[in-house]
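Read the structure below first, then the notes.
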Amino acid sequence: MYSIAMNDAQTKFVYYYKKYKGNPLRVLLGFYTGAYHNFVISAIFYLIKHSPSLFSPLLIANVINGVLAGGEQARHAILLNTGIWLGLLAIHLPANYVHSMYRSREIRNTEAGLRAAMVRKLQELSIPYHTQMQSGRLQSKIIRDVEAIETLSTQMFVNLLNIVMNLTIMITITAVKNRIILVFFVLVAPVASMTVMAFRRRIRRVNRDFRMEMEETSARVMEMVEMIPVTRAHALEDVEKERMSQQLQETAEKGYRLDMLQSNFGAAGWVVFQVFQALCLCFSGFMAFRGMIPVGDITFYQTSFTSVVNQFNAVINLLPIMTKGLESVTSVGEILSSDDVEENEGKTELTELRGEFSFKNLAYTYPGAPAPVLRDITLDVKPGQTVAIVGESGAGKSTLTNLLIGFMMPDSGKLLIDGHDIRTINLKTYRRHLSVVPQMPLLFTGTLRENVTYGMENVPEAVFRQALEAADLTEMVARLPNGADTLLEEHGANLSGGQRQRIAIARALIRDPKVILLDEATSALDVVSEREIQGALERLVKDRTTFVVAHRLSTIRGADRIVVLDQGRIAEAGTFEELIAKKGTFYHMESLQMSLR
């Protein structure tokens, strides 16, 4: 069981992100509050695990000095130091197990918690936010950025802590044996700091550019995959290949600049440290030559200094990883801290719905748009009525349906649902009484049964079969290899358009909604397919308040009222016969369609 629930992970991350915005390191440190003890335990056992390599220089030096002394002292030094070394090796495996257990549990816990928190946040963010944000970018943040944070966490809370412990041990032993040699060890720190300072800002900037380019590439790849049928149908494969090649080349170029910068950074640090190591060898050699230290201590100091240099070099090599990880902290924070969410807490919960709607001088303008897309919409809909919404492209039909579902809120005026202002309603409880049948049914990879009962548990077989029958799916399901448990391909690619639409109707029927929204549900179908599902649609809308966004005007003859939108306003409203007799906007639209048949 993971100890960090996704709610806790989101709450903690957002709290520290807002508190330390602009300082991703403090955000990450705050996020791990309460978990430090696990990292300390892991680091201690890592130290125990690596104790053979930590103490081997001292053990080797003791053996060499004992051998040079000769006699019984040599035999004693060899046996004692070899025995100590073997004893340290014996505890390596159990120490490694404990170290890995504490480290992996905490890191994987956090990784899962963060991803779960992002998934939860994506479900909370408003539809306009999702419309503006490319799905490929979101995918990159959930996969790539969380992975980078996981890598950073391992490096910072495990490896960095181990580096500090190793340095402490090596420097302490050296200080006890010879404080003159200690000067070389101490001088490494400021040199390492200056090297880091020289490269830090450039690495951070180039890392950010590369991260944003990767998000753009991810978004382009997803678009390309979705467009493959269109691309193939128009023989545009070469055009698409060229477009993606340019994008991938730009990503590769920015990745190359990042690689070269990181490589030069690592090389510069390595050369500087090797110069210090050579000087340490020279200095300790002269000290042994003059009899100031035993000859065997040359091996100890040189090996110890090599270890110290490697630890500082490891710190320098961590900088690109940390920069990438901290940039990912900022990237994830952009999602988790977004305030563009649908707030339902404390609002009126609808336990039942009659299906009465009242639009009062409603208006809506998209952010940044020069003019309202809807204005002065006034309309009353009684429970059980069917209202058709028609109009030319751009008239405001989709916007009006989005307002009905609650994806967006009116800028002015009111939309009353059973007498409640939609702004005061808990939209989750409202949507439980609402079903939408879109123009292009959204089916996922799973069985037909799972697609129909999506989001519902323990649906009685009789209820399921009744929904299939009402949607005219019974015969089709009987012909499938495994009946209702037949696996559908992605987006229902192994079904016809009419079959997919009937599955969407069955999904709506099985929920027994009080309000139905048909968003051009037949416009993507041929005439034969439309006729096949017409009976299912009639059963779906019976005794339910229904809003029909229609493209084919002949399909809405039976509507109780037809509302004609023109440039965001209600141009006219009435029954089919009334509007035809009026010979206004609707009459001309119907006449045009008739002439094109």
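The values are calculated or read from the model by the stated rules, or taken from the named source; none is laboratory data. Every value quoted in this text rests on a predicted model; they were computed, and no experiment measured them. Neighbour counts run over all protein chains shown; Cβ positions are idealised from the backbone, glycine included. Side chains are part of the model used for accessible areas, which takes the heavy atoms of the whole protein and leaves out ligands, DNA and RNA. Shrake-Rupley method; radii C 1.70, N 1.55, O 1.52, S 1.80 Å.
Subtract the Cα-Cα distance of residue 89 and residue 209 from 0.36 nm times their separation in residues, and report this length gain in nm to one decimal.
Computed gain between residue 89 and residue 209 is 38.6 nm.
Rounded to the nearest 0.05, what FRET efficiency do residue 575 and residue 341 give with R0 = 41 Å and r taken as the Cβ-Cβ distance? Could you check?
Result of the calculation: an efficiency of 0.50.
Leaving ligands and nucleic acids out of the surface, order 102, 16, 256, 32 by accessible area at 1.4 Å, largest first.
Largest accessible area first, the list is 256, 102, 16, 32.
Accessible area per residue for the chain in Å², computed with a 1.4 Å probe and the full protein assembly in place, what is it?
Dividing the accessible area of the chain by its residue count gives 51 Å².
Gain in length, residue 256 to residue 461, computed as 0.36 nm per residue apart minus the alpha-carbon separation, to one decimal in nm?
Full extension from residue 256 to residue 461 adds 68.0 nm.
Just to verify a number: FRET efficiency for residue 82 and residue 274, C-beta to C-beta distance, R0 = 30 Å, to 0.05?
Taking R0 as 30 Å, the efficiency between residue 82 and residue 274 is 0.45.
Which one of 17, 92, 73 has its Cα pushed farthest toward the positive end of the charge dipole of segment 1-153, where Lys and Arg give +1 and Asp and Glu give -1 at the Cβ?
17
Using heavy-atom solvent-accessible surface (probe 1.4 Å) with all chains present, what is the largest-first order of 170, 456?
456, 170
Need one value: the accessible area of residue 379 in square angstrom, 1.4 angstrom probe, rounded to the nearest 10.
20
Using the charge dipole of segment 368-447 (Lys, Arg: +1 at Cβ; Asp, Glu: -1 at Cβ; taken about the Cα centre), state which of 444, 371, 404 has its Cα farthest towards the positive end.
It is 444.
Once R0 is set to 25 Å, what does the formula 1/(1 + (r/R0)^6) return for the Cβ-Cβ distance between residue 183 and residue 73, expressed as a FRET efficiency to the nearest 0.05?
Once the sixth-power term is evaluated, E becomes 0.25.
Residues of segment 490-511 with backbone nitrogen within less than 15 Å of a virtual label 7 Å along the Cα-to-Cβ line of residue 551, please, listed as ranges.
Residues 497-498, 501 qualify, since their backbone N sits under 15 Å from the label point.
Towards the positive end of the charge dipole of the chain, with charges on Cβ (+1 Lys, Arg; -1 Asp, Glu), say which of 29, 453, 165 has the farthest Cα.
So the residue furthest toward the plus end is 165.
With a 1.4 Å probe and all protein chains kept in place, how much accessible area does residue 307 have, in Å² rounded to the nearest 10?
Accessible surface of residue 307 is approximately 20 Å².
Residue 366 versus residue 239, label points 7 Å from Cα toward the beta carbon: distance in nm?
Result: 2.3 nm between the two label points.
Report, in debye and to the nearest 20, how large the dipole of the chain comes out about its Cα centre when Lys and Arg carry +1 and Asp and Glu carry -1 on their Cβ.
Roughly 2060 debye for the chain.
At 1.4 Å probe size, put 472, 512 in order of accessible surface, largest to smallest.
512, 472
Kindly report, to the nearest 10 Å², the accessible surface of residue 18 as traced by a 1.4 Å probe over protein heavy atoms only.
110
Tell me, in nm to one decimal, what length is gained between residue 202 and residue 221 on full extension, where the rule is 0.36 nm per residue of separation less the Cα-Cα distance?
4.0 nm
Return the carbon/sulfur percentage of the accessible area of the chain, one whole number, probe 1.4 Å, all protein chains in place.
Whole-percent figure for carbon plus sulfur exposure: 58.
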